[in-house]
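Quick note: the coordinates plus some simple rules give every number you see, no bench work behind them. Everything numeric here is computed off the predicted structure, so don't read it as measured data. Virtual Cβ from ideal backbone geometry, glycine too; neighbours counted across all protein chains shown.
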């Protein structure tokens, strides 16, 4: 789904319906975990270099993180679907703040240790 990607705020403003609260919540958690990482746009979604990407699709909000870390967290998100590197959230209740914070904190540590985002974890 194509959205206005001229800026992160324009992108979020372009999301409507039930996905916007999910996107806003996950965005707030990402910014709380890593306030020093500049928020930008890449590949048509929100980009937090070295940490994650976040985007609203047609039926879900997708959070892209290191696969080796996501594999340990996928089942903790209350029925959300998980791909190799993508957590797909369809309901706000799936975006538990504590679990998202733990996931993103572990991704930071993983990357800080110099581990390859797509290598074994």
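Some points to look at:
- Most mobile of 78, 17, 40 in a GNM of the chain (Cα contacts under 10 Å): 17
- Protection-proxy order for peptides 49-57, 82-90, 7-15, each taking the mean of Cβ atoms within 10 Å per residue, highest first: 49-57, 82-90, 7-15
- Likely footprinting exposure, 105, 6, fewest C-beta neighbours within 10 Å first: 6, 105
- Computed from Cα atoms, the angle from the helix 97-112 axis to the main principal axis of the chain rounds to 60 degrees.
- Legend: ranking of residues 37, 22 from fewest to most surrounding C-beta atoms inside 10 Å; resulting order 37, 22.
- Semi-axes of the equivalent ellipsoid for the chain, computed as √(5λ) from the eigenvalues of its C-alpha gyration tensor and ordered from largest down, come to 21, 17, 13 Å.
- Per-residue ellipticity at 222 nm, computed for the chain from helices alone with -39500 (n - 2.57) per DSSP H run of at least four residues, works out to -10000 deg cm²/dmol.
- Viscosity 0.890 mPa s, temperature 25 °C, Stokes-Einstein D of region 72-118 from Kirkwood C-alpha radius, µm²/s: 215
- Counting neighbouring Cβ atoms within 10 Å and putting the fewest first, the residues 77, 110 line up as 110, 77.
- Helix 19-33 axis, angle to the chain major axis (alpha carbon atoms, nearest 10°): 40
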